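One structure is given below, encoded as structure tokens.
The values are calculated or read from the model by the stated rules, or taken from the named source; none is laboratory data. Everything quoted here is computed from the prediction, not taken from an experiment. Cβ atoms come from the backbone with ideal geometry, glycine included; neighbour counts cover every protein chain shown.
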Amino acid sequence: MTRRIRGILAGLVVSTASIALPAQAAQPFMPNGGKTTQPIGHYEFCSAYPAECGPNGGQGAPVHLSRKLWSRIVDINNAVNAMVAPRTDMEMWGREEVWSYPGREGDCEDYALEKRRLLVSAGVPASALLITVVRQRNGDGHAVLAVRTDMGDYVLDNMEGRVLAWNETDYRFLKRQSEKNSGQWVAIGGGKPVPVGSIGQ
């Protein structure tokens with residue numbers, strides 16, 4: 001799967017000079033709170049992939065959002081959304097909350113994990129790539145990938161073709177990975193834990 005996506009990305013030839021950076025939002029950064037519970041699916045993922053879930057090193061500063069990086073973010077978001085067909089954990093595994101790298105099918109958190117993996121491979125520090133749990137307007141839980149940049153936090157989402165600033169979405173943001181340790185989570189807003197199984201496009 002990753003090889004197929006990388007093949008698509010390698011075939012994309014876009015002049016970064018023509019790429020317009022997004023305007024900085026009025027409230028560009030999510031307000032982080034204290035430590036909170038780790039989603040059970042992520043806990044099990046970390047048990048299977050411990051190298052993906054440790055301290056990130058450094059101070060976790062936001063990454064500089066250049067035209068080249070913005071182009072890469074958009075390309076990876078588009079490629080993964082196009083190559084992975086939405087399917088629930090229950091359909092694939094017979095139970096909820098299974099976080100895994102996707103093959104041809106995946107749930108929302110699988111999209112986020114694959115986008116994070118590809119951006120890390122492209123040189124973006126893990127401390128700037130934070131899986132984030134949100135609540136949709138209908139009350140369902142959902143997972144997206146947030147990219148922390150010096151222009152604000154941007155969201156890569158399997159249910160939205162555009163890469164948006166976090167506060168341009170319709171979501172209520174609940175919690176996300178800590179920028180200092182990918183195996184720890186911090187609160188963004190109040191609310192009870194929700195399963196993150198949304199797949200619609």
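Scanning the range 115-140 for residues that are under 19 Å from Arg87 (Cβ atoms) and either at pLDDT below 95 or out of contact with any helix residue (DSSP H, G or I) (no Cβ under 9 Å at 6 or more places or on another chain) (or both) gives Gln136, Asp140. Selection over the range 114-123 of residues that are within 19 Å of Gln184 (Cα to Cα) and surrounded by fewer than 22 Cβ atoms within 10 Å (Cβ to Cβ) gives a count of 2.
Say we look at the range 132-157 and pick out the residues that are small (Gly, Ala, Ser) and under 19 Å from Gln27 (Cα atoms); which of these is surrounded by the fewest Cβ atoms within 10 Å (Cβ to Cβ)? Once the filter is applied, the top-ranked residue is Gly152.
Just one of the numbered conditions (1) closer than 27 Å to Thr88 by Cβ; (2) at pLDDT below 95; (3) buried (at least 20 other Cβ atoms within 10 Å of the Cβ) is not true of Gln201: (3). Scanning the range 80-96 for residues that are modelled with pLDDT of 95 or more and under 16 Å from Val144 (Cβ atoms) gives Val80, Asn81, Val84. The criterion of being out of contact with any Phe, Trp or Tyr (no Cβ under 6 Å at 6 or more places or on another chain), crowded, with 20+ Cβ neighbours inside 10 Å and among the aromatic types (Phe, Trp, Tyr) holds for Tyr111.
Find the residue count for the range 152-172, including only residues that are closer than 22 Å to His64 by Cβ and touching a helix residue (DSSP H, G or I) at 6+ places or on another chain (Cβ under 9 Å).
7
If we keep just the residues of the range 93-108 that are over 18 Å from the mean Cα position of the chain (by Cα) and under 16 Å from Gly141 (Cα atoms), which is surrounded by the fewest Cβ atoms within 10 Å (Cβ to Cβ)? Per the stated criteria, the residue is Arg95. In summary, Leu65 fulfils each of the numbered conditions (1) in a helix (DSSP H, G or I); (2) buried (at least 18 other Cβ atoms within 10 Å of the Cβ) with the single exception of condition (1). Of the residues in the range 22-37, not one is more than 16 Å from Ile131 (Cα to Cα), surrounded by fewer than 15 Cβ atoms within 10 Å (Cβ to Cβ) and at pLDDT 95 or above. Evaluated against (1) of a type outside the set (Lys, Arg); (2) in a loop (DSSP other than H, G, I, E, B); (3) over 17 Å from Val163 (Cα atoms); (4) modelled with pLDDT of 95 or more, His42 falls short on exactly one condition, (2).
Considering only residues in the range 170-183 that are surrounded by fewer than 18 Cβ atoms within 10 Å (Cβ to Cβ) and touching a strand residue (DSSP E or B) at 6+ places or on another chain (Cβ under 7 Å), the one that is farthest from Arg72 (Cα to Cα) turns out to be Arg172.
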